[in-house]
Amino acid sequence: MAREPTAEEVRETYATGVEHFAAWMATDSDDGLSVVATLVGALLLARATAGPELSDKILESTHKAVTAPHGS
């Protein structure tokens with residue numbers, strides 16, 4: 001980023017990183033990929049809200065969901 005690459009280079013680098021991370025997480029026996037996807041989605045939604053009340057509610061409910069024992 002410090003070298004100011006073009007947007008295309010940034011996108012390609014980011015996409016490659018995400019693909020490698022997803023492949024690594026997919027090897028997790030506890031299905032870590034779905035947990036990471038849930039967390040990323042929750043963060044995006046929380047940041048997109050107009051106020052802290054809904055943002056906090058999204059993050060709190062996601063925290064409960066990903067930390068609950070399996071089958072709960």
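The values are calculated or read from the model by the stated rules, or taken from the named source; none is laboratory data. No experiment lies behind these values; they were computed from the predicted model shown. Methodologically, a virtual Cβ is constructed for each residue, glycine included, from the backbone with ideal geometry; neighbour enumeration extends over all protein chains shown. Note: accessible area is taken over every heavy atom of the protein model, side chains too, but ligands, DNA and RNA are not part of it. Shrake-Rupley method; radii C 1.70, N 1.55, O 1.52, S 1.80 Å.
Does residue 32 satisfy the condition of being of a type outside the set (A, V, I, L, M), under 12 Å from the mean Cα position of the chain (by Cα), modelled with pLDDT under 90 and surrounded by 10 or more Cβ atoms within 10 Å (Cβ to Cβ)? Judged against the criteria, residue 32 is a match. Condition (residue is under 17 Å from the mean Cα position of the chain (by Cα), modelled with pLDDT under 90 and either on the phi > 0 side of the Ramachandran plot or aliphatic (A, V, I, L, M) (or both)) applied to region 48-64: is it met by at least one residue? For region 48-64, residues under 17 Å from the mean Cα position of the chain (by Cα), modelled with pLDDT under 90 and either on the phi > 0 side of the Ramachandran plot or aliphatic (A, V, I, L, M) (or both): absent. For residues that are open to solvent by 100 Å² or more (accessible area, probe 1.4 Å) and in a loop (DSSP other than H, G, I, E, B), scanning just region 3-15, find the one that is modelled with the lowest pLDDT. Top of the filtered list is 3.
Is it true that residue 62 is under 21 Å from residue 18 (Cα atoms), part of a helix (DSSP H, G or I) and open to solvent by less than 70 Å² (accessible area, probe 1.4 Å)? Steps first, please.
Working: under 21 Å from residue 18 (Cα atoms): no; part of a helix (DSSP H, G or I): yes; open to solvent by less than 70 Å² (accessible area, probe 1.4 Å): yes.
Considered against the rule, which asks whether it is under 21 Å from residue 18 (Cα atoms), part of a helix (DSSP H, G or I) and open to solvent by less than 70 Å² (accessible area, probe 1.4 Å), residue 62 comes out as no.
Residues of region 42-58 that are within 23 Å of residue 31 (Cα to Cα) and either open to solvent by 70 Å² or more (accessible area, probe 1.4 Å) or without any contact (Cβ under 8 Å) to a residue 12 or more places away in the chain (or both): 43, 44, 45.
The lone criterion from (1) modelled with pLDDT under 85; (2) surrounded by 13 or more Cβ atoms within 10 Å (Cβ to Cβ) left unmet by residue 18 is number (2).
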